2 protein chains.
Amino acid sequence: MDVDIGNALASVASPGVSRESLERLDEQVADAHERIEAGMADGEHGYEALNLPDRTDPDEIRRTVEPVADAEALVTVGIGGSALGAATITEALAAESDTEAISLDNVDPAWVSNHLERLPLENTAVNVVSRSGTTAETLANFLVVREAFEDAGVDWTERTIVTTGESGPLRDLSERHDLPSLSVPDGVPGRFSALSAVGMVAAAVCGHDLEALLSGAAAEAETLSGSLFDCPAYAYGATSYALDARGARMNAMVPYAESLETYSEWFAQLWAESLGKDDLGQTPLRALGATDQHSQLQLYRAGPRDKLVTFVTSEEGTDRSIPETDVEDLAYLGDATLGELLDAEFEATEASLAAAGRPNVRLELERVDEYELGGLLYGMEAACVLAGELYGVNTFEQPAVEWAKKATRGLLGGGEFEEADAVAEKSELRVER
Amino acid sequence: MDVDIGNALASVASPGVSRESLERLDEQVADAHERIEAGMADGEHGYEALNLPDRTDPDEIRRTVEPVADAEALVTVGIGGSALGAATITEALAAESDTEAISLDNVDPAWVSNHLERLPLENTAVNVVSRSGTTAETLANFLVVREAFEDAGVDWTERTIVTTGESGPLRDLSERHDLPSLSVPDGVPGRFSALSAVGMVAAAVCGHDLEALLSGAAAEAETLSGSLFDCPAYAYGATSYALDARGARMNAMVPYAESLETYSEWFAQLWAESLGKDDLGQTPLRALGATDQHSQLQLYRAGPRDKLVTFVTSEEGTDRSIPETDVEDLAYLGDATLGELLDAEFEATEASLAAAGRPNVRLELERVDEYELGGLLYGMEAACVLAGELYGVNTFEQPAVEWAKKATRGLLGGGEFEEADAVAEKSELRVER
């Protein structure tokens, strides 16, 4: 991953960050890097995620998924960080796999039922992922999936891989039924676990190159250093932080590739859950080029000056010619390919924001393959860890989601929780049709 | 659509709006409603969109799509407002249709090719939509689709419906090949056109009840009146505006239904392109319940106090039991259904935001069907028009997207444009791996 922050400079954009400010900020980056390096060396909670390129064992993952390696379809049953890493990898690389990968990451009953009716269960693999083994949505969906296999006369124990912590209900269950299983590594929060078994089981079932994912990440890890000017990940994290401090309260992630749409969801979780605390944090926006030029660009270019736009581009890829036409006004299209049109749209959009003084940053991949994707995921994780240090927040916790978990459990009769009582006290001001 | 703004009141949330402030704002709502009514009566540009429930002719649309009414798959070739209305309707109601509906709303070559290889072209309908008939992405994709039909030996003229303006290249082409065609109505901007032929052709091909879509919208239209306390759409538009003015610079649209995920994209375009101008406008965020509780909730509850969260709920729907389990810690799940779990998650999340003083609003549908969906789309359009009046912006234009269109055309050799020259002058500050 290369990064170009030229259009985030104060000489181009407002808000923008001056070269001098970046140099002063670089002293904080050096300090933050020391803390990050120490955390990695000591395997501290969270920082340990940045060691995954060395720690993850691709052979163990491939051995474990061997019983379902020929699956036509793969269902990852998980939510949040237990699903998004797997989905990001399998979506980005879907064109290279014959296995259809989906995530059951919601408990919408109609949607769950539609998936289960459609899937060839006798040839479907199930990848159930929950560190605690108690996540309500995941366990409910797993119970439903298990029943669907039983109803179809398929032995679910032959089709299921479990990824969970060292103990808990899901660990017990996997031992009772002797299921192939892997461990969520200690010290790695869900949203930082794409490059562990949590994300790599799906990649393995879909036949992707696990070593290339890890070596791409390792190459990015090698750039971590005491200066943002030498490390693309830190350049991105520091620039995002500096822009937020200057008014860019939002960060729109805009890949120019359909295959990276799920990557934007993954990024949105990483950024929101890691940095959104203590009344701080830059809000991630998800958009897609070229589509959202016809939806969000008006706002990004002419709305409030409160956004950084991050583009992700890929140099190489499949292309397709645009056929010639006898319509004179459209003749210029017939001289181009769809890829050239997409590239021109990207360059035009980037320049249109710069011309309006709106800050933007470019993340450049050579292509969308395992190696580059591993680098992108690792790079964004390192950028996020650095940003967390600069904000001074606890990057690796998510305490604000506990309240709703307790209330949900209480509402369903799973124990006494005062949070559930508060639900009944809702303030109302209704306007009805 | 019913609206509950109780959790946006200053007595609950910060930012929040006091009952007294709402009553003062209601005087502006009364004035804005007069302007909206006059615009509708005179068929003024933009306001005309609010007349669509009366103006759209479902019989004409059904007659026009008759040649492809038995299609197995439908491809809408369009982008932005020419695609999102159709996609919102067909996604929301997908469970009721045997026709698979997709949108080619991007020019990513690998993605376009994958779709074309996968589709049963001999039984696929094409719905090409562009008011001007010159939209680069749409026309390029249409040329590619046409070639794919020819290569497959399928007569594309038998499979294609055109929706365009009264003149332009696409109108000429439809006349030359005698294609079934419909007109984009005058005075209706793309993002307000879901309830015209632009959105309804796809609904008709998929066999949905066009009259119910329009009568649901008409019921919402009947509520338009001089007070936000009598009109759900205005209650929503006015509350969003008031919250933005008090610091909620973002508006997260969070349906608790997978089938409404595309609706959030449609809303994001409506809100961003209509209100994002003159350095004003509230930025739409897209999220999904319950999934994003494990991704965005931490930020919404504990990050900066700069967001309004809008929930969309549905009272009735398909349900599915959660099987019982012998795992004690999970026994409470086995007494519930997936629908009850989803409802509990919604109530818990809503209450968790209120308990943290974060403003939120509830949009309530009885179910996700044609009638309720028509009401939701119309209601959000009316809310947006009201908000535009309160901001004092030109709701129906999108001037900021022109720059990039010209630059794109120039870069591809489609004429001389100074915008294209500016692309070459990009400011760079590269950090490389």
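See the values below:
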item: Restricting segment B:251-296 to residues that are out of contact with any strand residue (DSSP E or B) (no Cβ under 7 Å at 6 or more places or on another chain) and of a type in the set (A, V, I, L, M, F, W, C), the residue that is nearest to residue A:402 (Cα to Cα); result: B:290
item: Failed criterion for residue A:329 (all others in (1) out of contact with any Asp or Glu (no Cβ under 9 Å at 6 or more places or on another chain); (2) of a type outside the set (Gly, Ala, Ser); (3) in contact (Cβ under 8 Å) with a residue 24 or more places away in the chain hold); result: (3)
item: Residue that is surrounded by the most Cβ atoms within 10 Å (Cβ to Cβ) [pool: residues in segment A:378-426 that are small (Gly, Ala, Ser) and not in a helix (DSSP H, G or I)]; result: A:414
item: Segment B:216-238, subset at the interface with another protein chain (Cβ under 9 Å from one of its Cβ atoms) and hydroxyl-bearing (Ser, Thr, Tyr), residue surrounded by the most Cβ atoms within 10 Å (Cβ to Cβ); result: B:234
item: Of all residues in segment B:320-333 being facing chain A (nearest Cβ under 7 Å) and part of a helix (DSSP H, G or I), the one that is surrounded by the most Cβ atoms within 10 Å (Cβ to Cβ); result: B:333
item: Residue check, residue B:97 within 14 Å of the chain's Cα centre (by Cα), small (Gly, Ala, Ser) and within 14 Å of chain A (Cβ to nearest Cβ); result: no
item: Residue match in segment B:83-90 (condition: surrounded by 24 or more Cβ atoms within 10 Å (Cβ to Cβ), facing chain A (nearest Cβ under 10 Å) and assigned to a helix (DSSP H, G or I)); result: yes
item: Some residue of segment B:337-351 being touching a residue at least 40 places away in the same chain (Cβ under 8 Å) and more than 27 Å from residue B:92 (Cα to Cα); result: no
item: Selected residue (criterion: nearest to residue B:287 (Cα to Cα)) from residues of segment A:41-94 that are of a type in the set (A, V, I, L, M, F, W, C) and over 18 Å from the mean Cα position of the chain (by Cα); result: A:74
item: Scope segment B:216-244; condition of a type in the set (A, V, I, L, M) and assigned to a loop (DSSP other than H, G, I, E, B); matching residues; result: B:224, B:228
item: Scan of segment A:151-168 for residues that are in a loop (DSSP other than H, G, I, E, B), loosely packed, with under 13 Cβ neighbours inside 10 Å and not hydroxyl-bearing (Ser, Thr, Tyr), ordered by number; result: A:153, A:155, A:166
item: Residue among A:247, A:289, A:281 that alone is at the interface with chain B (Cβ under 10 Å from one of its Cβ atoms), under 16 Å from residue A:360 (Cβ atoms), in contact (Cβ under 8 Å) with a residue 60 or more places away in the chain and not in a helix (DSSP H, G or I); result: A:289
item: Conditions (1) touching a strand residue (DSSP E or B) at 6+ places or on another chain (Cβ under 8 Å); (2) within 26 Å of residue B:210 (Cα to Cα): number failed by residue B:188; result: (1)
item: Hits in segment B:293-316 (condition: surrounded by fewer than 21 Cβ atoms within 10 Å (Cβ to Cβ) and in contact with a Pro (Cβ under 7 Å, 6 or more places away or on another chain)); result: B:305
item: Residue in segment B:341-360 that is farther than 21 Å from residue A:306 by Cα, assigned to a strand (DSSP E or B) and more than 7 Å from every other protein chain (Cβ to nearest Cβ) present; result: yes
item: Members of segment A:131-145 that are more than 10 Å from residue B:330 (Cβ to Cβ) and at the interface with chain B (Cβ under 7 Å from one of its Cβ atoms); result: A:137, A:144
item: Tally of residues being at the interface with another protein chain (Cβ under 7 Å from one of its Cβ atoms) and among the small types (Gly, Ala, Ser) across segment A:260-269; result: 1
item: Scan of segment B:379-388 for residues that are touching an Asp or Glu at 6+ places or on another chain (Cβ under 6 Å) and more than 11 Å from chain A (Cβ to nearest Cβ), ordered by number; result: none
item: Condition met for residue B:128 (surrounded by 24 or more Cβ atoms within 10 Å (Cβ to Cβ) and part of a strand (DSSP E or B)); result: yes
item: Residues that are more than 10 Å from chain B (Cβ to nearest Cβ) and out of contact with any helix residue (DSSP H, G or I) (no Cβ under 6 Å at 6 or more places or on another chain), drawn from segment A:361-371; result: A:363, A:367, A:369
item: Residue A:156, sole failed condition from (1) within 8 Å of another protein chain (Cβ to nearest Cβ); (2) more than 18 Å from the chain's Cα centre (by Cα); (3) among the hydrophobic types (A, V, I, L, M, F, W, C); result: (1)
item: Residue list for segment A:1-38, restricted to those being of a type in the set (D, E, K, R) and touching a helix residue (DSSP H, G or I) at 6+ places or on another chain (Cβ under 7 Å); result: A:2, A:35
item: Matching entry among B:191, B:176 (being surrounded by 24 or more Cβ atoms within 10 Å (Cβ to Cβ) and either within 11 Å of chain A (Cβ to nearest Cβ) or closer than 22 Å to residue B:133 by Cα (or both)); result: B:191
item: Checking residue B:310 against (1) facing chain A (nearest Cβ under 7 Å); (2) part of a strand (DSSP E or B), the condition it does not meet; result: (1)
item: Selection within segment A:292-301 - in a helix (DSSP H, G or I), facing chain B (nearest Cβ under 7 Å) and over 15 Å from residue A:313 (Cβ atoms); result: A:294, A:297, A:298, A:299, A:301
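Residues are listed down the side, and each one gets a yes or a no for (1) at pLDDT below 95; (2) hydrophobic (A, V, I, L, M, F, W, C):
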site: A:326; (1), (2): yes, no
site: A:362; (1), (2): no, no
site: A:382; (1), (2): no, yes
site: A:411; (1), (2): no, yes
site: A:414; (1), (2): yes, no
site: A:420; (1), (2): no, yes
site: A:429; (1), (2): no, yes
site: A:433; (1), (2): yes, no
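Yes/no per residue for (1) within 16 Å of residue A:384 (Cβ to Cβ); (2) within 18 Å of the chain's Cα centre (by Cα); (3) at pLDDT 95 or above:
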site: A:213; (1), (2), (3): no, yes, yes
site: A:231; (1), (2), (3): yes, no, yes
site: A:242; (1), (2), (3): yes, no, yes
site: A:246; (1), (2), (3): no, no, yes
site: A:273; (1), (2), (3): yes, yes, yes
site: A:287; (1), (2), (3): no, yes, yes
site: A:302; (1), (2), (3): no, no, yes
site: A:305; (1), (2), (3): no, no, yes
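The values are calculated or read from the model by the stated rules, or taken from the named source; none is laboratory data. Not measured: the values here are computed from a predicted model. Every residue, glycine as well, gets a Cβ built from its backbone with ideal geometry; the counts of neighbours run over all protein chains shown.
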